[in-house]
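**Q** Got a structure for you, written out below as structure tokens; questions coming shortly.
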Amino acid sequence: MKLELGKLTIRDIRFSEESKISEGILYVSKEDLRRVALTEEKIKSADFDIARPGESVRITPVKDVVEPRVKTEGPGGIFPGFIAGVDTVGSGKTLALKGMAVVTTGPIVNFQEGVIDMSGPGADYTPFSKLLNLCVICEPVDNCEKHQYESALRMAGLKIASFVAGLGKDIAPEETETFETPDLLTGMKAFPELPRVAYVQMLQSQGLLHDTYVYGVDAKKILPTVLYPTESMDGAILSGNCVSACDKNPTYIHENNPIVEDLFKQHGKTINFVAHVITNENVFLADKERSSNQTAKLCKMLGLDAVIISEEGFGNPDTDLIMNCKKIEAEGIKTVIVTDEYAGRDGKSQSLADADKAADALVTAGNANQLVRLPKLDKVIGTMDYISKIAGSSDKALQSDGSIEVEIQVITGATSEVGFHTLSAR
Amino acid sequence: MKELTILTNNPSLKESLTQKYPYLRCGIEYRDVNFLKLLELVRDEVHKGARILTHPLDGSVKPMETPYKSILVEKSDPGLDLNSLDLIENAIMSCRKFHFDERELQPRVIKDFQIIDRTLMESAIDTSGLY
């Protein structure tokens with residue numbers, strides 16, 4: 001499967017009477033955006049704002065971050081199962097609007113949304129401070145259940161991202177990157193001497209408000225399965241999460257998964273990047289056993305030599321992570337796990353809730369309990385009403401000078417467990 | 001005879017689950033204790049022969065950051081289930097390592113924590129076919 005990913009860099013976003021992209025500037029009409037958002041019947045009102053890198057702006061509570069993409073050639077459409085039909089995606093041509101994102105905000109669950117600071121020390125902890133953010137602020141209708149609000153806001157974000165991307169459909173990309181994965185047999189013949197490597201991605205799926213979707217299917221209901229790695233670039237996997245902000249994968253990260261991209265860079269050189277295996281993280285222990293058994297089975301079937309396993313979230317998913325690692329290693333396949341740590345504020349406690357001697361190669365994405373002081377910023381997009389309630393914050397977070405002292409857990413993408421962030425040990 | 005029971009300190013769990021699943025095939029035992037104490041009560045049950053069926057830690061909320069926890073166990077299995085013991089001891093250890101300021105929770109936050117605890121349990125009930 002071959003995907004040509006065209007990239008068009010957006011250099012500024014401006015509100016305007018007419019929606020269009022011209023000379024790298026995205027002009028959007030609030031009326032157009034509102035019309036798109038209000039197609040969701042559970043949304044009462046929608047407002048929009050723009051946050052630019054370096055501005056004294058804090059966006060909170062952040063629900064999702066989405067990169068606008070549109071298919072320009074080939075089967076299917078972006079976000080299959082939600083925005084497009086269910087044709088298999090990942091081939092043909094896709095255009096991505098780089099340098100920007102659609103950010104949805106709204107207080108769905110008081111304690112499980114994130115913060116994006118566009119300047120100051122907080123900006124260093126989130127990759128999304130480097131983007132032009134088109135913020136979507138939606139109020140739900142009265143008596144809207146939380147899961148309905150989550151669904152409506154998720155859909156509004158996806159629809160607005162698709163609307164914006166559509167404005168660039170006929171513009172030639174500035175650069176194009178090609179990603180290709182051969183079928184198993186061709187790949188085996190083409191690279192007989194290279195180690196066969198796959199990416200095992202664990203998807204947060206513990207229940208309502210902890211969900212990830214694959215082609216429109218709630219991931220907790222899937223058996224582990226195999227994707228071509230380009231499928232996620234077309235939005236085959238997307239976030240329905242209202243979980244801890246630092247290490248959930250917003251939709252943007254699924255579209256731009258750095259593990260997928262890095263494995264592609266090595267494909268045909270040092271490794272044969274065979275497949276993208278996805279599995280879930282459920283609550284019921286029998287589900288954990290079943291999914292990890294199936295994941296290990298698929299890895300064996302694919303004739304792999306090594307896998308990279310990424311976790312999403314923490315706590316009980318640590319158990320899934322270790323089960324996957326242990327069972328895949330037991331098949332004679334080497335593993336490297338990617339996770340973050342909850343090692344306490346002093347960093348001295350055990351980092352994961354589970355462990356095994358098979359897990360002897362690990363990449364850490366940082367300690368989510370690390371304390372950081374974020375200064376008061378001039379403008380808030382969304383509301384600060386919930387800042388002391390977000391996981392990683394506390395009633396004592398708000399200081400007399402208006403700054404907040406919080407764990408980096410509150411910052412969207414701070415300890416991304418696929419390595420999409422600015423924390424590094426290098 | 002195996003007996004399935006949800007041990008919980010979430011005061012709204014029983015009412016909401018019995019409303020949603022009128023034919024739920026497990027008991028719900030409410031205990032008015034804090035998060036850590038609930039884990040310790042589950043550990044007591046494990047020592048009496050219970051097997052843990054749902055993970056004692058949440059998916060994204062630190063233990064004790066939420067006051068609520070519900071855990072499904074299967075009672076009256078003979079003998080000590082070492083996996084369950086390992087799981088609950090690890091959870092108790094995880095729980096003790098985190099720093100928490102004493103705080104008064106606002107009613108709307110309390111409600112959210114109760115909902116999240118409930119939805120995690122509903123997810124387990126849905127996949128296990130206990131309804």
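Every number in this text was worked out from the coordinates using simple rules, so none of it is lab data. Being a predicted model, the structure only gives us computed values, none of them experimental. Cβ coordinates were reconstructed from backbone atoms using ideal geometry, including for glycine residues, and neighbour counts include every protein chain displayed.
**Q** Under 14 Å from a label point 7 Å along Cα→Cβ of B:TYR131: give me every residue in the stretch B:5-38 with its amide N that close.
**A** B:14-26
**Q** What residue among A:ALA343, A:ALA165, A:ALA156 shows peak mean-square fluctuation when chain A is described by a Gaussian network model with Cα springs under 10 Å?
**A** A:ALA343
**Q** Let me ask you something else. Return the percentage of antiparallel bridges among DSSP beta bridges fully within chain A, rounded to the nearest 5 %. Show your work: numbers first, answer last.
**A** Numbers: 43 of 91 bridges.
Around 45 percent antiparallel, to the nearest 5.
**Q** Sequence gap at least 6, Cα distance under 8 Å: using those rules, report the relative contact order of the stretch A:2-410 to the nearest whole percent.
**A** On the way: 993 pairs, mean separation 74.2, N = 409.
Relative contact order comes out at 18 percent.
**Q** So what are the ³J(HN,Hα) numbers for the stretch A:12-20, from phi and the Karplus equation (6.51, -1.76, 1.60; θ = phi - 60°), rounded to whole Hz, Gly and Pro as x?
**A** Once rounded to whole Hz, the list reads 6, 10, 9, 6, 7, 5, 10, 8, 6.
**Q** Given the Cα-Cα distance of A:ARG14 and A:ASP47 and 0.36 nm per residue of separation, how much length would full extension add, in nm?
**A** Details: separation 33, 0.36 × 33 = 11.88 nm, distance 1.44 nm.
So the chain would gain 10.4 nm between A:ARG14 and A:ASP47.
**Q** Separate question: Please give the average number of partner chain Cβ atoms lying within 10 Å of the Cβ of each residue in B:114-127, rounded to a whole number.
**A** On the way: counts 0, 6, 11, 0, 2, 10, 9, 3, 3, 12, 8, 3, 7, 10.
Whole-number average of other-chain Cβ neighbours for B:114-127 is 6.
**Q** Next up: As an exercise, use a Förster radius of 25 Å and the Cβ-Cβ distance of A:ASP385 and A:ARG34 to find the FRET efficiency, rounded to the nearest 0.05. Don't skip to the end; give the middle numbers.
**A** Values: r = 23 Å, r/R0 = 0.93.
Efficiency computed from Cβ-Cβ geometry: 0.60.
**Q** So which of A:LYS44/A:LYS220; A:LYS389/B:LYS111; A:LYS146/B:LYS97; A:LYS20/A:LYS169; A:LYS248/A:LYS269; A:LYS30/A:LYS130 end up more than 20 Å apart by C-alpha?
**A** On the way: A:LYS44/A:LYS220 30 Å; A:LYS389/B:LYS111 13 Å; A:LYS146/B:LYS97 31 Å; A:LYS20/A:LYS169 11 Å; A:LYS248/A:LYS269 31 Å; A:LYS30/A:LYS130 23 Å.
The answer is A:LYS44/A:LYS220; A:LYS146/B:LYS97; A:LYS248/A:LYS269; A:LYS30/A:LYS130.
**Q** Farthest toward the dipole's positive end in the stretch A:141-187, which of A:THR178, A:ALA161, A:HIS147, given Cβ charges of +1 (Lys, Arg) and -1 (Asp, Glu) about the Cα centre?
**A** A:HIS147
**Q** Return the loop-located GluC sites (Glu not before Pro) in the stretch A:170-254 (DSSP other than H, G, I, E, B) with at most 14 other Cβ atoms within 10 Å of their own Cβ; answer none if there are none.
**A** Values: sites: A:GLU174, A:GLU175, A:GLU177, A:GLU180, A:GLU193, A:GLU231; in loops: A:GLU174, A:GLU193.
Those that pass, being in a loop and sparsely packed, are A:GLU174, A:GLU193.
**Q** Show which lysines lie in cross-link reach of A:LYS326 when reach means a straight Cα distance below 17 angstrom and same-chain residues fewer than eight apart are skipped.
**A** List returned: A:LYS288, A:LYS297, A:LYS300, A:LYS334, A:LYS357.
**Q** Remind me, relative contact order of the stretch B:3-128 in percent, using alpha carbon pairs under 8 angstrom and six or more residues apart? Show your work: numbers first, answer last.
**A** Numbers: 170 pairs, mean separation 38.9, N = 126.
The normalised contact order for the stretch B:3-128 reaches 31 percent.
**Q** If amide H atoms are built 1.01 Å from N in the plane of the peptide, which residues on other chains or at least 5 residues away come under 5 Å of the amide H of A:SER205?
**A** Amide H neighbours of A:SER205: A:GLU281.
**Q** To the nearest 20 debye, what charge dipole does chain A have about its Cα centre, counting +1 at the Cβ of each Lys and Arg and -1 at the Cβ of each Asp and Glu? All intermediate terms of the calculation are to be shown ahead of the outcome.
**A** Numbers: 45 positive and 61 negative charges, 62 e Å.
Dipole about the Cα centre, nearest 20: 300 debye.
**Q** Let me ask something else about it. Please order A:HIS421, A:HIS147 by the number of other Cβ within 10 Å, starting at the fewest.
**A** Details: A:HIS421 25, A:HIS147 18.
Arranged by neighbour count, lowest to highest, A:HIS421, A:HIS147 become A:HIS147, A:HIS421.
**Q** How big is D for the protein assembly as shown, in µm² s⁻¹ as a whole number, if Stokes-Einstein is applied with the Kirkwood radius of its Cα pairs at 20 °C and 1.002 mPa s? The partial results should precede the final answer.
**A** Numbers: Rh = 23.9 Å.
For the chosen part, D equals 90 µm²/s.
**Q** Could you give the dipole magnitude of the stretch B:3-128 about its Cα centre, charging the beta-carbon of Lys and Arg +1 and that of Asp and Glu -1, in debye to the nearest 20?
**A** Details: 17 positive and 21 negative charges, 34 e Å.
My answer is approximately 160 debye.
**Q** If neighbour count is taken as other Cβ atoms inside 10 Å, put A:GLU145, A:GLU18 in order from fewest to most.
**A** On the way: A:GLU145 12, A:GLU18 9.
Ascending number of Cβ neighbours within 10 Å: A:GLU18, A:GLU145.
**Q** Separate question: Report ³J(HN,Hα) in whole Hz for each residue of the stretch A:169-185, in order, from the Karplus equation J = 6.51 cos²θ - 1.76 cosθ + 1.60 where θ = phi - 60°; Gly and Pro get x.
**A** 3, 9, 8, 5, x, 6, 8, 9, 10, 10, 10, 9, 10, x, 5, 4, 5
**Q** Given the convex hull over the Cα atoms of chain B, what projected area results after averaging over all orientations, in nm²? Walk me through the intermediate numbers first.
**A** Values: hull surface 31.6 nm².
So the Cα hull casts an average projection of 7.9 nm².
**Q** What is the distance in Å between the Cα centres of the stretch B:1-53 and the stretch A:327-357?
**A** Their Cα centres are 29 Å away from one another.
**Q** Each residue of the stretch B:121-131 in order: what ³J(HN,Hα) in whole Hz does its phi give by Karplus 6.51 cos²θ - 1.76 cosθ + 1.60, θ = phi - 60°, with x for Gly and Pro?
**A** So the J values, rounded to whole Hz, are 5, 4, 4, 5, 5, 4, 7, 8, x, 7, 10.
**Q** Ranking B:GLU89, A:GLU23 by Cβ neighbours within 10 Å, fewest first, what do you get? Don't skip to the end; give the middle numbers.
**A** On the way: B:GLU89 14, A:GLU23 6.
With the sparsest Cβ surroundings first, the list reads A:GLU23, B:GLU89.
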